[in-house]
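Trainee: I have a structure here, written as structure tokens, and I will follow up with some questions on it.
The values are calculated or read from the model by the stated rules, or taken from the named source; none is laboratory data. In this text the structure is predicted, and so the values were computed from the model without any measurement. Methodologically, a virtual Cβ is constructed for each residue, glycine included, from the backbone with ideal geometry; neighbour enumeration extends over all protein chains shown. Please note that ligands, DNA and RNA were not included when accessible areas were found on the heavy atoms of the full protein model with its side chains. Shrake-Rupley method; radii C 1.70, N 1.55, O 1.52, S 1.80 Å.
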Amino acid sequence: RRILNLCFTLLLVFISLSWGQESSSEDERPSCHHCDLHLLCNCSYGGFTCVPMVTESALTLDLSFNNITVVRDDDLTDHTLLRVLNLQGNRLAVIHPSAFDPLWSLEALDLSENQLTALNNKWFTKLGALQKLNLLNNPYSCLGSPPVFQGLIRLRKLALGGPALTELKKGDLSGVTQLEELTVHANNLTRYESGTLAAIWPLGHVSLSLHEPFLTNIALASTVLRDVSYPETPITLEDLHLAGNLFIQPIEEMAKRRVRHMTFRNLSLSDGSIVNLLVALNGSPLASLSVYGATLMGHGRWEKANWTDHKNIDEFFVKNAVVLDVFQFVSFLQLKFLLHYPRKVSLINSKVFVMPCDTSRLLVNLQYLDMSDNLLTDMTVEETLCNGDGSLKDLRVLNISGNALKSLSTMSRLVQRLYKLTHLDISRTDYSSMPQQCSWPSTLRHLNISGAKLITITPCLPTTVQVLDLSYNDLKAFTLALPDLLELYLSGNKFLRLPPGWLFPNLQTLTIQSNTLNMFGRSDLQSFGRLQNLQSGQNKFVCSCDFVAFFQSGLKEGGDVHLTDGEESYVCDSPLYLQGQQVGQVHLSIAECHRVLFVSVSCVIALFVGTVVCVLLWRLHAFWYLKMMCAWLKAKRGSRRRHQLRDDVSSEALLSYDAFVSYSERDASWVENFLVPDEDSINPSYSYRPLNLCLHKRDFLPGQWIVDNIMSAMERSRRTVFILSENFVQSDWCRYELDFSHFWLFDGQSGKDAAILILLEPLSKDDVPKRFCKLRKLMSSTTYLEWPQEEERRGEFWRSLRSALRVEDD
């Protein structure tokens, strides 16, 4: 059978390697991107049929519960940093001999619950750092040869075996020198060589599953137990059905080896089995006996073992026990020989509804009592604690959490006379209110009332308590002073802010996760005085500027208070655009955090920029252009009716003046004495027709807007005469008139012939403001008239002027 399994495995290896070489170039491997900040890549339950590609920097790779059947030689090539690899629960049947060679940093490897029919020592030759290896529940019948664990010198936790394991022989565990944990599932073991497991020393904890050997091969079971039994090595036996007295020999073997810690898992036994077990352990140094998952088929008739000696027993631990015929089960009063000794008793989740007071009084040395997750009520607890008469005088720790308790005042009364009680756990009960006054033993230091339904805090709480757990209630405030409190747990409530720190001057640890906290600041934490550890993540934080700045500078970067729940637990809930972001990674702008400063600086900058822009606009005469444009548009709208008249009347008929004269007031004497003497005749000595000139002093209509007067005068004049002089350039009024005339003359309709320039004194184009670019250009390209100072040349000047005005002689 072994040869056939080996041949079948080699065939699968050959087929998989051939298939891998042919298809590796054709098929692209899938990718897995479920990696967190700690480089843990969780690719479990992903439906992968081959090893997916993940980041090369991954430290933990979880590929459990997929459909991977083969691990090729190049699937894990780039993962030299990998520390943990989990391939549990796949259909893995073939692993290339060098598939794990690149994983020289690997510390934990889980290959359990696959289809590996044989183990290959080459898988582990390069895994020198491996500390934990799980090979459970694969269909291999033996460990194989050469020894598969030969090079694993650092291996500390090993789990092997399964339903198919039938043989263990010497040398199988060669190379394994010491282990913290050894788990062997060998329910169907048929062959075992003495000493196979004995070479492992020291051995921390052993867990054995030997169902069939305990039933059919007692000698084999005894040999196995003999090899792993040491006084300080706890032994766990799983999946046992103890019937009759056949199992006594293996138990006696452990007793002879002076085993002090024994545990049973998934155990079924009868009254006779318990008696035989007690007889087998008679006089042994057994200190603790634990049972997880027990089915009792008897009635509790164990008095036949009352002669046995178990004075070394210190702890009884029973969890998930079921009594099939509970109503026929007798009292434990006959177990006085057994109950006198233990200091720790645990009866957890075993449907216990009462422990009679008489039984409680048998526990004379009891210091620790755990009856959590049972069916106790206020009334039955009174019976168990003997109505608070102090019978359990040495009790230090009492745990009755997970029971249907409703009266906190009753509980305080029952424990009041337990003068050594330091720890009380009454969590996960039905307490909905807290009385105003309670009586507690002065020794009480640890109190757990988490998972109840409390909505307020009252002075009922003991002032001597040092560790108080009120998590997962409906509390909104905490206003009770507890000067001795060192640790306070308030997670899962409805706190909007941290409780006042002055109430707890000695508090060192505060846990207030999963509440409705919005924020907290430096002053909140400083009020606690001695606070060192804070867990306040998973709240609805408002990421304001103050809170973010404090978190990133005062907490994240170090300080007196340390966040022990990790930075990733602090996530923004508002504002909306920051929702979901970690507080430690939020970056808020100056505009959000310093509004007054930002507005002030912005105003100063805006004022400066505005000033600079205004100066530039002034230097570039932008205001002048804007002013003239507005004036021009306004005047154009006012002259539309005059243009409509022009459509019906000829242009000559509308021209009332030969010229519109623009001049400075300082040059008015020249205009009046020379240009328009004697009612616009140019010179009395000449026989020319007088000029009809438009002068603003004389012809502008009073009360009308000056721009409209200028527009009207220019529209009704054939030409515009500019009397240019230094006075003209310097005069504000003339400049304004010239500015507006500039728009009218050079808008593309009148052209350069509409303007006549007369220079009363030498004036270059450079003396004309630069903003009159077309006028300056006109002075450069057009001949202008100069007023002669000599009398004899003035006649020629007047002729040239009339010629320019194109005025005909009479």
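Trainee: Given all pairs of different Cα atoms, what value in angstroms does the Kirkwood hydrodynamic radius of segment 482-580 take?
Mentor: Computed over segment 482-580, the radius equals 13.5 Å.
Trainee: Separate question: Can you send over the carbon and sulfur percentage of the accessible area for segment 87-176, probe radius 1.4 Å, protein chains only?
Mentor: Values: 1560 of 3110 Å².
After summing per-atom areas, the C and S share lands at 50 percent.
Trainee: Defining a contact as two alpha carbons under 8 Å apart and six or more residues distant in sequence, what relative contact order in percent does segment 446-551 show?
Mentor: 20
Trainee: Rounded to the nearest whole Å², what accessible area per residue is found for segment 208-314 with the 1.4 Å probe?
Mentor: On a per-residue basis, segment 208-314 sits at 39 Å².
Trainee: Please compute the Cα-Cα pair-distance distribution of segment 76-160 with 5 Å bins starting at 0, giving whole percents from short to long.
Mentor: Result returned by the calculation: 3, 15, 27, 30, 20, 5, 0.
Trainee: While we're looking at this one, here's another question. For a protection proxy built on the mean count of beta-carbon atoms within 10 angstrom, sort 185-195, 484-494 highest first, please.
Mentor: Per-residue mean Cβ counts within 10 Å order the peptides as 484-494, 185-195.
Trainee: Let's see if you can work this out: charge +1 on each Lys and Arg Cβ, -1 on each Asp and Glu Cβ, no other charges. What is the dipole magnitude of segment 343-474 about its Cα centre, in debye to the nearest 20? Spell out each step's value before the answer.
Mentor: On the way: 13 positive and 12 negative charges, 68 e Å.
Dipole about the Cα centre, nearest 20: 320 debye.
Trainee: Calculate, for segment 343-474, the solvent-accessible area per residue in square angstrom, rolling a 1.4 angstrom probe over the heavy atoms of the protein chains.
Mentor: Values: 5390 Å² over 132 residues.
Per residue, segment 343-474 has an accessible area of 41 Å².
Trainee: Please compute the contact order of segment 343-474 in relative form: average sequence separation of alpha-carbon pairs under 8 Å and at least six residues apart, divided by the residue count, as a percent.
Mentor: RCO, segment 343-474: 18 percent.
Trainee: Between segment 170-247 and segment 522-562, how many Å separate their Cα centres?
Mentor: Taking the Cα centre of segment 522-562 as reference, the centre of segment 170-247 is 53 Å away.
Trainee: For segment 219-268, what are the per-bin percents of Cα-Cα distances with bins 5 Å wide, up to the bin holding the maximum?
Mentor: P(r) for segment 219-268, in whole percents per bin: 5, 22, 31, 29, 13, 1.
Trainee: Sort Met254, Met629 by accessible area with a 1.4 Å probe, largest first. Display every interim value, and only then the final one.
Mentor: Values: Met254 0, Met629 85 Å².
In descending accessible area the options line up as Met629, Met254.
Trainee: May I pose another question? For a quick size check, give me the Cα extents of segment 221-309 along its three principal axes, largest first, whole Å.
Mentor: The Cα atoms of segment 221-309 stretch 34, 28, 22 Å along the principal axes, largest first.
Trainee: Can you send over the solvent-accessible area of Trp705, 1.4 Å probe, protein chains only, in Å² to the nearest 10?
Mentor: 90
Trainee: Sticking with this one: From the P(r) of segment 450-499, could you give the percentage of C-alpha pairs in the tail past 16 Å?
Mentor: Cα-Cα pairs of segment 450-499 separated by over 16 Å account for 33 percent.
Trainee: From the gyration tensor of the Cα coordinates in segment 343-474, what semi-axes in whole Å does the equivalent ellipsoid have, largest first, with each one equal to sqrt(5λ)? List each step's numbers first, then the result.
Mentor: Values: eigenvalues 94, 55, 33 Å².
They are 22, 17, 13 Å, listed largest first.
Trainee: Another question, then. Remind me, relative contact order of the chain in percent, using alpha carbon pairs under 8 angstrom and six or more residues apart?
Mentor: 3
Trainee: Cα-Cα pairs above 53 Å in the chain: how many percent?
Mentor: Of the Cα pairs, 49 percent sit more than 53 Å apart.
Trainee: Would you mind counting up the charge near Lys132? Only other residues with Cβ under 11 Å from its Cβ, with Lys and Arg at +1 and Asp and Glu at -1.
Mentor: Overall, the nearby charge balance is 0.
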